[in-house]
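Have a look at the structure below, then the notes.
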Amino acid sequence: KARGSCLRLVNCAYTSQMDSNTNFLCGKRVGDKFYHANGEVSHADTNAARNIKHRGDDTDITRYMPFKKVKEILLNRLMAIGGVSNLN
């Protein structure tokens, strides 16, 4: 409170595997590097931190949702824009 911050607990499933630029489950994490879909490379922890920040505003993914359901939601979002052809 003294520094003006607040604590928000979120479901962290797949935050290290999502592209923080697009908020979709695309790109690839290799060690401490994250390769974004557009070719950029960033630190994997920084990418995950951005995703955790965005997850706080995500109303579809609840804190205690199972990771398989989180993945289903993320893949459905990617399918909606034509990023993947099926969920398998």
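The values are calculated or read from the model by the stated rules, or taken from the named source; none is laboratory data. Note that the structure is a prediction, hence the values are computed from the model and not measured. In this analysis, Cβ positions are derived from the backbone assuming ideal geometry, glycine residues included, and neighbour counts consider all displayed protein chains. Protein only, heavy atoms only, side chains kept; ligands, DNA and RNA dropped before computing areas. Shrake-Rupley method; radii C 1.70, N 1.55, O 1.52, S 1.80 Å.
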How many percent of the accessible area of the chain is carbon or sulfur, using a 1.4 Å probe?
52
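Quick one: Cα convex hull volume of the stretch 1-41, Å³ per residue?
Spread over its residues, the Cα hull of the stretch 1-41 gives 112 Å³ apiece.
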Rule-of-thumb Rg ratio for the chain [Cα; 2.2 N^0.38 Å; N residues]:
1.14
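Would you mind finding the longest exposed-site-free stretch of the chain, with exposed trypsin sites (Lys or Arg not before Pro) meaning DSSP loop and at most 12 other Cβ atoms within 10 Å?
On the way: sites that count: K1, R3, R8, R63.
Within the chain, the longest run free of exposed trypsin sites (Lys or Arg not before Pro) spans 9-62.
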Over the chain, with the other protein chains present, what is the accessible area per residue in square angstrom, probe 1.4 angstrom?
70
The stretch 19-65, Cα convex hull volume normalised per residue, Å³:
79
Taking a point 7 angstrom from the Cα of S5 along the C-beta vector, which residues in the stretch 56-72 have backbone N less than 18 Å away?
56-57
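Tell me, in nm to one decimal, what length is gained between K68 and A37 on full extension, where the rule is 0.36 nm per residue of separation less the Cα-Cα distance?
Details: separation 31, 0.36 × 31 = 11.16 nm, distance 2.26 nm.
Length difference between fully extended and current span is 8.9 nm.
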Which residues qualify? For F24, with a placed amide H closer than 5 Å and at least 5 residues away or on another chain, they are D19
Surrounding charge for M65, neighbours by C-beta under 15 angstrom, Lys/Arg +1, Asp/Glu -1, total +3
Whole-Hz Karplus couplings 3J(HN,Hα) for the stretch 32-41, θ = phi - 60° and coefficients 6.51, -1.76, 1.60, Gly and Pro as x, run 9, 10, 10, 9, 6, 4, 8, x, 5, 10
Counting lysine pairs in the chain that sit 8 or more positions apart or on different chains, with Cα atoms under 20 Å apart, gives 7
May I ask you to compute the full-extension gain from C12 to R29, defined as 0.36 nm times their residue separation minus their alpha-carbon distance, rounded to one decimal in nm?
4.6 nm
Counting only helical runs of four or more DSSP H residues, what would the 222 nm mean residue ellipticity of the chain come to if each run contributes -39,500 (n - 2.57) and the total is spread over all its residues?
-9500 deg cm²/dmol
Angle, helix 67-80 long axis vs. longest principal axis of the chain, Cα atoms, 0 to 90°, nearest 10?
60
Rank G39, G27, G56 by mean-square fluctuation in a GNM of the chain with C-alpha springs under 10 angstrom and give only the top-ranked residue.
G39
